[in-house]
Amino acid sequence: MIQIETAWLLLLPIMFGIGWLASRWDLRLENRMDERERMRQQRSTFKGLSLLLNEQPDQAIETLVKIAQLDPETIELHFSLGNLFRRRGETERAIRVHQHLVNRDDLKPRDRDHAAYELGRDFLRAGLLDRAEASLNRVGSGKFAAPAKESLLEMYQIERDWKKAITAASQLEKLQGKSHQTEIAQFHCELGQEALQANDLSGAEKSIQEALGVVANHTRALILQGDYLMALGQPTQAIEAWSIVASSHPAYMHLIADRWMKAHTDLDQSAAGLERLCELLNTQASGELLDVVHKQVMNIRGLQAANTIISEVMQHSPSLSALSKLAETRLALEEGNANSERLMELKSILHLLRQRTTSLARYTCGNCGFRARRFYWQCPGCNSWEAYSPRRSEGVAPSGPSM
């Protein structure tokens, strides 16, 4: 048997003890080094924030970039600072912060996409639309793909680049799984409207058909189709297109009432056209349709017929607009009489009613409450499509903005 001396037996526990103490010492040194590193990063962070507060953004960004190189988790600090700058309107500072991140080679793809997205928002806020488009198009297919497409869609609408807006909205549908058919149909209608104004009838027809292909019997597309057919000299076909609006979307007939009457007049059918509009007054007796019908009835049927129609409207759909038209008709009927006091009374009533209806009659966005005297397909306040009610209200003015 191997003989082990007693001294070696005593030495083994001592050696194990020394090894354990050495490992604990190394761990302690490592913890101290980590603590020193954290303290150094904290001092650098405080230094960067101090430079920002002292209006030295360039040196602050350099300091914060060094922190990010030491600890990738501080990248979120850059994003927070950049967004803060953008919200405060300091877009140049925001651009510098996000530009530093975009130009780094050691970022993860997700962080690089995030930086490109934020930089695109910075450029968009600064009005640098071409640079915003380039930056947003650099965003990959990850978490920020859909927000980037939303920003591109917003930008294309600002630029009124409807073709690119259609592409962006279609891509956004695939990313979000949510329909954007309403917006796409409106973009086609915008192209059709521009083509009609440029007398590009073939281009107008193509855009109108594409809009109707996206949304069947789309109100605005049908209205434009009637305009296109009128430009071709085909009032009968135009009336057929607008008749669909009258049947399916009667609340929008006030937008085309004058053109409806012109098409019927071209066919020597003004009486039939007026009769259809009068029928619509049973359910659409507010706003501009009443104005058009009142004017046409006075021209075609005479004052007494206008008085009868407005009196009927006051029975089933009383409003300040109808009362104003009634006062206008009664004044016209009384002008042939010699009773000057009666005329002055009616003129005073009519003047007050016109002032009141002018100040109250507004179209209101159902999304943001923005109020306007004219009808918009896209709200000027929140840029939502088809958010305006086609009926003009006369109630108490809401607290929202107006124009």
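The values are calculated or read from the model by the stated rules, or taken from the named source; none is laboratory data. Keep in mind that what you see is a predicted model, and the values were worked out from it rather than measured. Every residue, glycine among them, receives a Cβ derived from its backbone with ideal geometry; neighbour counts consider all protein chains shown.
Can you pull out the residues in the stretch 236-258 that are charged (D, E, K, R) and either closer than 18 Å to LEU290 by Cα or in contact (Cβ under 8 Å) with a residue 12 or more places away in the chain (or both)? Passing the criteria: only ASP258. Evaluation of ASP266 against the conditions (1) within 33 Å of the chain's Cα centre (by Cα); (2) surrounded by fewer than 18 Cβ atoms within 10 Å (Cβ to Cβ); (3) modelled with pLDDT of 90 or more shows that the sole unmet condition is (1). Residues in the stretch 60-101 that are of a type in the set (Lys, Arg), assigned to a helix (DSSP H, G or I) and either modelled with pLDDT of 80 or more or under 22 Å from PRO147 (Cβ atoms) (or both): ARG86, ARG87, ARG93, ARG96. Residues considered: GLU335, GLU328. Of these, the only one that is modelled with pLDDT of 80 or more and closer than 29 Å to LEU303 by Cβ is GLU328.
Within the stretch 182-200, the only residue that satisfies the criterion of being loosely packed, with under 14 Cβ neighbours inside 10 Å and either among the basic types (Lys, Arg) or outside any loop (DSSP other than H, G, I, E, B) (or both) is GLN197.
Starting from residues that are outside any loop (DSSP other than H, G, I, E, B) and of a type in the set (D, E, K, R), keep the ones in the stretch 269-305 and report whichever is surrounded by the most Cβ atoms within 10 Å (Cβ to Cβ). Spell out the reasoning first.
Of the residues in the stretch 269-305, the ones outside any loop (DSSP other than H, G, I, E, B) are 270-280, 288-300, 303-305.
Checking the rest, the ones that are also of a type in the set (D, E, K, R) come to 275-276, 279, 288, 291, 295.
On the way: GLU275: 11, ARG276: 16, GLU279: 12, GLU288: 21, ASP291: 16, LYS295: 15.
So, considering only residues that are outside any loop (DSSP other than H, G, I, E, B) and of a type in the set (D, E, K, R), the one surrounded by the most Cβ atoms within 10 Å (Cβ to Cβ) is GLU288.
Return the residues of the stretch 233-263 that are closer than 23 Å to ALA216 by Cα, more than 34 Å from the chain's Cα centre (by Cα) and not in a helix (DSSP H, G or I); say none if nothing qualifies. Selection gives GLN234 alone.
Taken together, the criteria exclude LEU229 from residues that are part of a helix (DSSP H, G or I), surrounded by fewer than 16 Cβ atoms within 10 Å (Cβ to Cβ) and aliphatic (A, V, I, L, M).
Based on what the data block shows, is ARG104 at pLDDT 90 or above and among the basic types (Lys, Arg)? Spelling it out, it is not the case that ARG104 is at pLDDT 90 or above and among the basic types (Lys, Arg). Taken over the stretch 171-225, residues that are within 23 Å of SER389 (Cβ to Cβ) and of a type in the set (Asp, Glu) amount to 2. Remark: pairs (first residue in the stretch 150-171, more than 15 Å from ASN137 (Cα to Cα); second residue crowded, with 16+ Cβ neighbours inside 10 Å and small (Gly, Ala, Ser); Cβ separation under 8 Å; 6+ apart in sequence or on different chains) = GLN157/ALA165. Answer yes or no as to whether ALA332 is closer than 26 Å to TYR228 by Cα and in a helix (DSSP H, G or I). The answer is no for ALA332. Once the stretch 172-181 is narrowed to residues that are in a helix (DSSP H, G or I) and without any contact (Cβ under 8 Å) to a residue 24 or more places away in the chain, the residue that is farthest from VAL215 (Cα to Cα) is LYS174.
Select from the stretch 127-169 the residues that are of a type in the set (Ser, Thr, Tyr) and surrounded by fewer than 16 Cβ atoms within 10 Å (Cβ to Cβ) and list them in ascending order. Within the stretch 127-169, SER141 is the sole residue that qualifies.
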